[in-house]
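No value in this document is a laboratory result; all are computed from the given coordinates. Because the structure is predicted, anything quoted here is derived from the model rather than measured. As a convention, Cβ positions derive from the backbone with ideal geometry for all residues, glycine included, and neighbour counts pool all protein chains shown.
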Amino acid sequence: MTEATGDRKLLVDMVRQFAAERVRPIANDLDETERFPGEVYAEMGRLGLFGITVPKELGGSGGSVADYAAVMEELAYGYACVADQVGLVEGIASLLALYGTDHQRERWLPGLLAGTLRCSYALTEPGAGSDLGGIRTEAVRRGPDEWVLNGEKLFIQNAPIADFAMVLAVTDKAQGKRNRMSMFLVDCDLPGVARGAREQKMGQRAAVVGELGFRDVVLGPEALLGEEGAGFGAILSVLEKGRVGIAALAAGILRSAMDLAIEQATNRTQFGKPIAEFQGVAFQIADMVTSYHAARLLIEEAAEKADAGAPDSGLAASMAKLFASEAAVRGTSTAVQVHGGSGYIRGMDVERLFRDARVTTIYEGTSEIQRLIISRSVLRR
C-alpha cells in the first residue's frame, strides 16, 4: 500500500486536520440530534472538498478518483455522514460535468460545489432498488417543449431538504431498460413536487433521508440532463466511482474503529494487565488491521483503474466496495466487543461506528449485487 505523496499528501493532510478539528468533535452530537450540518458543508465548499474530480474550468478541483477516495476516507474517519454528502455531490456534479448543458451547469454547479445548494439523487423506488430497470416514475412529453413527471422515490438522501433532484424516469416504455430512461434536473419548489417526512435511521443519522413525490410536475426542455433515453447508461458511467467512494468511506469507519479498539486494548486492564496482552483480544485486533490494509489496497487498485479507464475498472470497484463494507461491519463489531459493556452504550464512538457501518453493505449497490457483478465477470471468462 503506497502512502500519499506530493499534492495528494497535501490534500490528505488538509482533510485530516479538518476532520479532526471540525467534524469528529461534533459527530456524536450530530448522531444524537440528527442535525444537517449546513455550516460544515459551506466550509467544505470553501475548501474545495465538493466536486473533487470535476474539471477546474467547471469549478471543481480537477482531481483524480484516487484523490476522491482519499478525501472520502479521511472525512469518514471523522464522521461518515459528512463523507456521504461529499459522495452525493460528487455523483450529481459528475453527471452535470459529463452531460449538462452550459445553462444547466451555470444554474446548478456553483451552489452545489459551494456546499450551499442541497441536491438529491432520486433513483430508488418501492419496486426498484438494486434493479434500476424496475423504475416506474414516468416523464411523458406534452408538446415539443414540455414533460410531465409523475412517480415516487424513496430512501432518497436530502429529499426532505433538497433544493433540486436528479430524477431518473421512464420516457419510452416501448424500449428496453438501456434506452427507456432519461435523467431530469427537477427544482424541488416546483408545483407538484412533494418532500416526504424524514426517515428515522439506525445509523448515519445526520444524513437526511426521505421520499420525493411527483404529481403532474411540468418540466421544460432545460430539465432534461443528457440525451433522451440515455439515462441508464449515464448512471452506470458514474456508478463505479461512487462505489470506490463508498469503499473508501467504509475504510474510514473501519480505521476509526481500529484505532479506538487499539487504544482501549492497551489502556484497559483486567486481571492485572492490559487486555491487549490476552491473545483472544490481540488476535481480533490483528484481523482488523489486516482487513483495513487489504481494503485500502483494493480501493487503491480500483481508483487507479478508474482513473486509467481500464476495462475491468467496474469489477475492481465492486471488489473494493464489497470487501471494505463487509470489513467495516466486522471491524466495528470487534471494536464494540473489545470495549465490552461500555461499547454498547449510546454516546460511545464505537457504538455509533457500529451503526454507521451497517448501511455501507446496502447503498451504492448491495453486497449481493457486488457478488453478482464479480461472479459474472469471472465466470464469463
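The HN-Hα couplings worked out from phi for segment 157-162 by the Karplus form 6.51 cos²θ - 1.76 cosθ + 1.60 (θ = phi - 60°) are 5, 6, 3, x, 10, 5 Hz, whole numbers, x standing for Gly and Pro.
Which of rounded, prolate or oblate describes segment 1-58 when judged by the alpha-carbon gyration tensor and an a/c cut-off of 1.5?
Working: a/c = 2.80, a/b = 1.47, b/c = 1.90.
The shape class here is oblate.
Report the relative contact order of segment 237-380, percent, no decimals, based on alpha-carbon pairs under 8 angstrom and at least 6 residues apart. Working shown, then result.
Working: 181 pairs, mean separation 48.1, N = 144.
Averaging sequence separation for qualifying contacts and normalising by length gives 33 percent for segment 237-380.
Using a cutoff of 8 angstrom between alpha carbon atoms and counting only pairs six or more residues apart, the relative contact order for segment 3-90 works out to 32 percent.
Amide H to amide H, with H built 1.01 Å from N, residue 54 comes under 5 Å of 61, 62, 63, counting only residues 5 or more places away or on other chains. With the Cα gyration tensor of the chain in hand, give its eigenvalues times 5 under a square root as the equivalent ellipsoid semi-axes, listed largest first in whole angstrom. Values for the chain, descending: 37, 21, 20 Å. Each part gets one Cα centre, and for segment 347-377 versus segment 168-233 those centres are 24 Å apart. Maximal additional length on extending the residue 372-residue 187 stretch stands at 63.0 nm, based on 0.36 nm per residue less the C-alpha distance.
Look at the dipole of the chain built from charges on Cβ: of 194, 363, 275, the Cα furthest out on the positive end belongs to 275. At a temperature of 37 °C and a viscosity of 0.692 mPa s, determine how fast segment 237-380 diffuses translationally according to Stokes-Einstein, using the Kirkwood radius over alpha-carbon pairs as Rh; express D in µm²/s, rounded to the nearest whole number. For the chosen part, D equals 208 µm²/s. Taking only C-alpha pairs under 8 Å that are 6+ residues apart, what is the relative contact order of the chain in percent? Result for the chain is 16 percent.
Once you have a ≥ b ≥ c as the square roots of the Cα gyration tensor eigenvalues for segment 66-131, tell me rounded if a/c is under 1.5, and otherwise prolate or oblate according to whether a/b is larger than b/c. Oblate is the answer for segment 66-131, as a/c is 1.5 or above yet b/c matches or exceeds a/b. Converting phi to 3J(HN,Hα) with the Karplus coefficients 6.51, -1.76 and 1.60 and the offset θ = phi - 60°, segment 91-97 yields x, 6, 5, 5, 5, 5, 5 Hz in sequence order, with x at every glycine or proline. Derived scalar couplings between HN and Hα for segment 330-343 equal 5, x, 5, 5, 4, 4, 4, 4, 5, 7, x, x, 5, x Hz in order, rounded to whole Hz, by the Karplus curve 6.51 cos²θ - 1.76 cosθ + 1.60 (θ = phi - 60°), x for Gly and Pro.
Shape of segment 6-118 from its Cα gyration tensor (a ≥ b ≥ c, root eigenvalues): rounded if a/c is under 1.5, otherwise prolate when a/b > b/c, or oblate?
Note, shape of segment 6-118 comes out oblate.
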